[in-house]
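J.: I have a structure I would like to understand better, so I am pasting it below and will then ask my questions one at a time.
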Amino acid sequence: MALIVEDGSAMPDAESWCSVAHADQYHSSLGNDEWGALSISVKEQTLRKGTNYLMQEYGMKWAGYRTTSTQALDWPRTQVPIPDLQYAAFIPDDVIPIDIQNACASLGLRSTTEDLTENETRQVVREKVDVIEIQYSENSTTQKQYTEIDNMLGKYLKGGSSTGGALPMVRV
């Protein structure tokens with residue numbers, strides 16, 4: 001089944017924010033040769049997995065609002081501030097930011113060698129062998145975290161790194 005890529009029109013049947021062509025260019029520019037060795041159908045499957053991960057992990061964290069109630073994916077969105085601007089402006093309602101497409105492509109490649117949503121074990125602070133005793137760090141997570149993806153997407157999240165979740169104040 002051919003991959004249905006969101007084109008910014010808030011499609012009710014979209015499956016990915018990233019096309020195979022975009023992922024091919026992205027991975028080629030980074031020298032990720034293993035991506036080029038994959039078949040088109042495997043690439044499409046991995047891009048679906050990348051999109052699914054982004055929907056699960058960031059779905060309630062995105063800034064702004066879905067453009068329509070019938071769209072399949074979280075993007076396109078409305079009222080998302082453009083990062084790094086000194087004045088109030090928003091990403092157009094029909095745009096999927098390149099960082100989101102790139103994050104999807106990156107996660108797609110990762111999904112070929114690992115389960116993106118597999119629970120991880122907590123960090124062990126102490127382990128006693130005789131009469132087995134294990135103590136886990138209270139602050140460690142039980143889920144995988146992808147710092148590269150968090151850094152790519154932070155500016156599109158509520159309270160994101162570039163705007164603090166609010167529009168900058170401008171005196172007129």
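Each reported figure results from applying straightforward, stated rules to the coordinates on display, with no laboratory input. Source: prediction; values computed, not measured. Cβ sites come from the backbone with ideal geometry, for glycine too, and all protein chains shown count toward neighbours.
J.: Among Leu157, Leu30, rank each residue by its count of other Cβ atoms within 10 Å, from fewest to most, as a rough exposure measure.
T.: Numbers: Leu157 18, Leu30 13.
If I rank by nearby Cβ atoms, fewest first, I get Leu30, Leu157.
J.: How many nm is it between the label spots at Asp115 and Ala2, if each spot is 7 Å from the Cα in line with the beta carbon?
T.: With each label point 7 Å from Cα toward Cβ, the separation is 3.3 nm.
J.: Mind checking the full-extension length gain between Gln79 and Ile40? Use 0.36 nm per residue of separation minus the Cα-Cα distance, one decimal, nm.
T.: On the way: separation 39, 0.36 × 39 = 14.04 nm, distance 3.47 nm.
Stretched out fully, the Gln79 to Ile40 stretch lengthens by 10.6 nm.
J.: If we count other beta carbons within 10 Å of each Cβ, what is the order of Tyr53, Tyr146, Tyr156, fewest first?
T.: Working: Tyr53 21, Tyr146 16, Tyr156 26.
In order of increasing Cβ crowding within 10 Å: Tyr146, Tyr53, Tyr156.
J.: What is the fewest-to-most order of Arg110, Arg66 by other Cβ atoms lying within 10 Å of their Cβ?
T.: Arg66, Arg110
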